[in-house]
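Heads up, the thing below is written out as structure tokens.
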Amino acid sequence: MCHFILIFLMALRGENRYLELREAADYDPFLLFGANLKRELAGEPVYRRALRCLDMLSLPGQFTFTADRPQLHCAAFLIAEPEEFVTIHYDLVSIDCQGGDFLKVFDGWILKGEKFPSSQDHPLATTERYIDFCDSGLSRRSIRSSQNVAMIFFRVHEPGNGFTFTIKTDPNIFPCNAISQTPSGRFTLVVPHLRRNCSFSIIYPVVIKISDLTLGHLNGLQLKKPSAGCGGIGDFVELLGGPGLDPSKMMPLADLCYSFHGPAQMKIGCDNTVVRMVSSGKHMNRVTFEYRQLEPYELENPSGNSIQEICLSSV
């Protein structure tokens, strides 16, 4: 099992929703990944705290990293609500680019070579998704992500050096790619006459119930078979599962090729589940679905419409 995904699964269980509002140094950074951490900052003092070498940020605020020793392999994972963009604004930067320090923003998440959104689903080439402070300086003081997640990679050699940045969020009217903050929820993915691929990622084994799918085709639901699928149909939704982060490296589990009004339900016992819409640009495509984390007894005793056998080794 991917160790990173396991940490997420552990962190997201139980009473870990409000830990970021307590003393940060006492907790593992991935415990900060929760649904109810966001709060309205209008009219309130901006939330501030120190940034750790390995960190997870899920609410707006100002964060400062100051090296107390050489920190060579650091990263901060940023996540907002699925319907939001993340904006990173550099307030102050004091690093030695000539001495080997760096400060980079990645548009999305990347881990062990796996990216979200995948290269197939992101509008920019991978090289363009990196924004290096040592190349651009403060000429790009503010950087906005293309979806609800972003990352900051940094290396600081000299104690006392560091940087301060502010995170803000903005509404995304038509969110295309997103990672869910929560193990359960409801979401509607809409692609309005655009030729693009959009993925919604849930880092849990889940049961998914699709209540509505509009693709401009006839009614029907087709499970994927080795020699079957949606074929030449230009607009469809696929369900993917796997242990990693990159949808393009996951196992295709089912194709939904035609419009229907559900519910259609499926249990997927993979560490990561993705609902991915492929659109030709000819239609206003829409899919509405609910999801919840599978209970341990459901993983141990599968029943009904489930696809688990390819994932059981990583559960």
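The values are calculated or read from the model by the stated rules, or taken from the named source; none is laboratory data. Source: prediction; values computed, not measured. Cβ coordinates were reconstructed from backbone atoms using ideal geometry, including for glycine residues, and neighbour counts include every protein chain displayed. Protein only, heavy atoms only, side chains kept; ligands, DNA and RNA dropped before computing areas. Shrake-Rupley method; radii C 1.70, N 1.55, O 1.52, S 1.80 Å.
Data for the structure
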{"item": "Residue match in the stretch 53-67 (condition: touching a Cys at 6+ places or on another chain (Cβ under 9 Å), within 19 Å of Phe106 (Cβ to Cβ) and surrounded by fewer than 19 Cβ atoms within 10 Å (Cβ to Cβ))", "result": "yes"}
{"item": "Qualifying residue in the stretch 282-293 (condition: open to solvent by less than 40 Å² (accessible area, probe 1.4 Å) and either at pLDDT below 90 or on the phi > 0 side of the Ramachandran plot (or both))", "result": "no"}
{"item": "Residue within the stretch 202-225 that is modelled with pLDDT of 95 or more and either within 24 Å of the chain's Cα centre (by Cα) or open to solvent by 10 Å² or more (accessible area, probe 1.4 Å) (or both) present", "result": "yes"}
{"item": "The stretch 107-147, residues that are assigned to a strand (DSSP E or B), of a type outside the set (A, V, I, L, M) and open to solvent by less than 70 Å² (accessible area, probe 1.4 Å)", "result": "Trp109, Glu114, Lys115, Phe116, Asp132, Ser142"}
{"item": "Checklist (1) under 16 Å from Val206 (Cβ atoms); (2) open to solvent by 20 Å² or more (accessible area, probe 1.4 Å); (3) aliphatic (A, V, I, L, M) applied to Leu239, failing item", "result": "(2)"}
{"item": "Output for the stretch 187-201, where each listed residue is over 17 Å from Ile79 (Cβ atoms) and either over 17 Å from the mean Cα position of the chain (by Cα) or of a type in the set (Ser, Thr, Tyr) (or both)", "result": "Thr188, Val190, Val191, Pro192, His193, Leu194, Arg195, Arg196"}
{"item": "Flag for Ser184 being open to solvent by 60 Å² or more (accessible area, probe 1.4 Å), among the hydroxyl-bearing types (Ser, Thr, Tyr) and in contact with a Ser or Thr (Cβ under 7 Å, 6 or more places away or on another chain)", "result": "no"}
{"item": "Test: residue in the stretch 42-52 that is modelled with pLDDT of 95 or more, within 22 Å of Phe187 (Cα to Cα) and open to solvent by less than 40 Å² (accessible area, probe 1.4 Å)", "result": "no"}
{"item": "Every pair of residues 6+ apart whose Cβ atoms lie under 8 Å, when the first sits in the stretch 139-160 and is at positive phi while the second is open to solvent by 50 Å² or more (accessible area, probe 1.4 Å)", "result": "Gly160/Thr66"}
{"item": "Selection from the stretch 79-106 of residues that are open to solvent by 30 Å² or more (accessible area, probe 1.4 Å), in contact with a Cys (Cβ under 9 Å, 6 or more places away or on another chain) and assigned to a strand (DSSP E or B)", "result": "Phe102, Lys104"}
{"item": "Condition broken by Leu111, with the remaining ones in (1) within 30 Å of Leu92 (Cβ to Cβ); (2) at pLDDT 95 or above satisfied", "result": "(2)"}
{"item": "Identity of the residue in the stretch 151-161, open to solvent by 10 Å² or more (accessible area, probe 1.4 Å) and part of a strand (DSSP E or B), that ends up farthest from Ala75 (Cα to Cα)", "result": "Arg155"}
